[in-house]
Amino acid sequence: MEWYFVLALIGTGLAAGFINTTAGGGSMLTLPLLMFLGLPANVANGTNRIAILLQNIIGVNTFRQKKVLNLTTDYKLAIPAVAGSVLGAFFAVEIDVLLLKKIIAALMVVLFLLVVFKPDIWVKKQAGAVKAKPGLLQYFIFLLIGFYGGFIQMGVGLFLLAGLVLGSGYDLVKANAVKVLIVLLYTIFSLGIFIYHGQANIVAGLILAAGNMGGAWLGANFAVKGGAKYVRYVLIAALVIVILNLFGVFG
């Protein structure tokens, strides 16, 4: 691999790791680059998960050290997400990709409007909403989000944040920490499926991961120091970019 491709992977991974850890949608940067380097779409999808796995190990450890994440209690919503991601990774039926993109874009627009016009529910923890034991509805929601993450991955962090803030009552800093843990756990399983089917380039994935890991460390520290208010601004920017991309503005 040429040296400038290595630099491109590391640099793009750095940006993606920061975005993924503070909001979501970083795969929108890495997947096109991997395909530009000549990887088929399915292999790029699998390769990207190597970087995401290692990125989230760094993110989880950083949030844990900062006392934002408690591994003994914050894993519960990861259980349905892991189950959904395995189903999503195995999903092989025909699907109208164009229709799927439009549905996702519409959901992102709704999410964007909620973030912009209802800032308090994203910045402040909702009184009485955080439960030690999630309900059945929460489990079902995270099963669906996990399914999406296992199938596509791109933008799953944004849906996880919505589920954690709107459905579980977390503020954005805590939600980001739990999100990173959930993605780490389900990526272990979904990546295993891609590797088993020969749909992951280990070398490219590890090079990309070097950047993602650095970005994750920066993102986790930014989230903790800046607080939910500043994380919300990153979330708004990420949503705008993802929405424009899904509507084909970037070609």
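Pull out a ≥ b ≥ c, the square roots of the eigenvalues of the alpha-carbon gyration tensor of the stretch 3-42, then state rounded if a/c is under 1.5, prolate if not and a/b is larger than b/c, and oblate in the remaining case.
Judged from the Cα gyration tensor, the stretch 3-42 comes out oblate (a/c at least 1.5, b/c at or above a/b).
Could you work out the percent of alpha carbon pairs in the stretch 1-71 separated by over 13 Å, rounded to a whole number?
Distances greater than 13 Å cover 66 percent of the Cα pairs.
Provide V165, V183, V249 in ascending order of the number of other Cβ atoms located within 10 Å of each residue's Cβ, fewest first.
The most exposed by this proxy come first: V249, V165, V183.
For the cross-link pairs K76/K102; K66/K229; K102/K229; K102/K174; K102/K225, which exceed 26 Å when the distance is taken from alpha carbon to alpha carbon?
K76/K102; K102/K229; K102/K174; K102/K225
Where is the GNM fluctuation largest for the chain (alpha-carbon springs, 10 angstrom cutoff): Y230, Y196, Y148?
Per the Cα network of the chain with a 10 Å cutoff, Y196 tops the list.
For the stretch 215-229, what does the Karplus curve 6.51 cos²θ - 1.76 cosθ + 1.60, with θ = phi - 60°, yield as ³J(HN,Hα) per residue in whole Hz, taken in order and with x for Gly and Pro?
Per-residue couplings from phi come out as x, 5, 5, 5, x, 5, 5, 4, 4, 6, 6, x, x, 4, 4 Hz.
What's the exposure ranking of F142, F189, F159, going from fewest to most Cβ atoms within 10 Å? Mind showing how you got there, number by number?
Working: F142 29, F189 15, F159 22.
With the fewest neighbours first, F142, F189, F159 line up as F189, F159, F142.
Quick one: 3J(HN,Hα) in Hz for the stretch 31-41, Karplus 6.51/-1.76/1.60 with θ = phi - 60°, rounded, Gly and Pro as x.
4, x, 5, 4, 6, 4, 6, x, 7, x, 4
Over the stretch 3-246, how many percent of alpha carbon pairs lie in each 5 Å bin up to the one with the longest distance?
Pair shares across the bins are 1, 7, 15, 20, 22, 18, 11, 5, 1, 0, 0.
For the chain, give the magnitude of the charge dipole about the Cα centre (Cβ charges: +1 Lys/Arg, -1 Asp/Glu; no others), in debye to the nearest 20.
Using Cβ point charges on Lys, Arg, Asp and Glu, the chain gives about 940 debye.
Every number here is computed from the coordinates shown, using simple stated rules; none is lab data. What you see is a predicted model; the values in this text were computed from it and never measured. Reconstructed Cβ throughout: ideal geometry from the backbone, glycine too, with neighbour counts over all protein chains shown.
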